[in-house]
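The values are calculated or read from the model by the stated rules, or taken from the named source; none is laboratory data. Since the structure is predicted, the reported quantities are computational estimates derived from the model, not experimental observations. A quick note on method: Cβ atoms are made from the backbone with ideal geometry, for glycine too, and the neighbour counts reach across all protein chains shown.
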Amino acid sequence: MWGTVSADTKIWLDDQPVAVHQSGVFVFGFGRDAAATMTLRFEYADGSGEEVSLQIADREFDIERVNGLPPKTVTPPPEWRDRRKVETGRVRSARSVQMPETLWIDGFLKPAEGRFSGFYGSQRILNGEPRSPHYGLDIAAVTGTPVYAPAGGVVRLSAPDFLLEGGIIIVDHGLGVTSTLFHLDTVTVEEGQRVQKGEPIGTIGATGRASGPHVDWRVNWKSVRLDPLLLLEEGEH
Ligand SMILES: [Zn+2]
């Protein structure tokens, strides 16, 4: 959701501060398991304030239950744990920037041509144990298929070989909105580089933990994971 206020307004969504652009534009979003009610609080320059209660609609997600699987114990080697800590730290800091720009405002385009092969919010329950939900939109196509910036921005993370994600790019679209694209075969942009919407940034692959070539596209508002499919322009589905 986005809106406009006078630029000297302060805004919070529950206890999270919401950045306001110099044009007065602000943006926020809700995740898969958002509370049913949240409060948007405005504090105006003259000291007055206002609260708006937001009712968040329920939504069904695909849940797949698989039982009778042989128990599997996987103990990652310690050097993986250390490497993972570095990688997740890089992802966190890439997403922590609040760039004062609104490059998401013209909408998003599909980052690759291909078949949607995995959806936001879906979850598997293996032997009664819920796994963490899938937070990306997967687009499957042959290795080497171009991947485009879904909206303009600045590249905050670019790496060829993360353990789980493989080739990964994080693009900062401004005010806390970021796109993450991974399992890339090649990554052709550098950290700090500015990209235009639709500009090629890499290619589809099956790097990291992937069962076949696809790009996993995620969109965040700060640490809140949003459904990329809801952001695609009309005709892009
Ligand atoms: Zn995926």
*Quick one: how many residues across the range 211-235 are more than 18 Å from the chain's Cα centre (by Cα) and at pLDDT below 95?*
3
*Assess whether Gly202 counts as being in contact with a His (Cβ under 8 Å, 6 or more places away or on another chain) and either away from the ligand (no atom under 15 Å from the Cβ) or without any contact (Cβ under 8 Å) to a residue 12 or more places away in the chain (or both).*
no
*What pairs can you find where one residue is in the range 46-67 and without any contact (Cβ under 8 Å) to a residue 40 or more places away in the chain, the other is loosely packed, with under 10 Cβ neighbours inside 10 Å and of a type in the set (A, V, I, L, M, F, W, C), and their Cβ atoms are less than 9 Å apart, with a gap of 6+ or different chains?*
Gln55/Ala36; Ile56/Ala36; Ala57/Ala36; Asp58/Ala36
*asked:* Tell me yes or no: at least one residue of the range 77-85 is part of a loop (DSSP other than H, G, I, E, B) and more than 18 Å from Arg225 (Cα to Cα).
replied: yes
*Scan of the range 105-135 for residues that are within 16 Å of the ligand (Cβ to nearest atom), in a loop (DSSP other than H, G, I, E, B) and either assigned by TED's automatic domain parsing to the domain that holds His21 or closer than 20 Å to Val224 by Cα (or both), ordered by number*: Phe119, Tyr120, Gly121, Ser122, Arg131, Ser132, Pro133, His134, Tyr135
*Got a number for residues in the range 4-38 being in contact with a Phe, Trp or Tyr (Cβ under 8 Å, 6 or more places away or on another chain), surrounded by 13 or more Cβ atoms within 10 Å (Cβ to Cβ) and of a type outside the set (Lys, Arg)?*
14
*Here are some residues: Gly107, Gly144, Gly167, Gly89. Which one is surrounded by 15 or more Cβ atoms within 10 Å (Cβ to Cβ) and small (Gly, Ala, Ser)?*
Gly167
*Go through Gly192, Gly205 for me and flag whichever is crowded, with 21+ Cβ neighbours inside 10 Å, in the same structural domain as Gly89 (by TED's automatic domain parsing), at pLDDT 95 or above and farther than 23 Å from Ile63 by Cα.*
Gly205
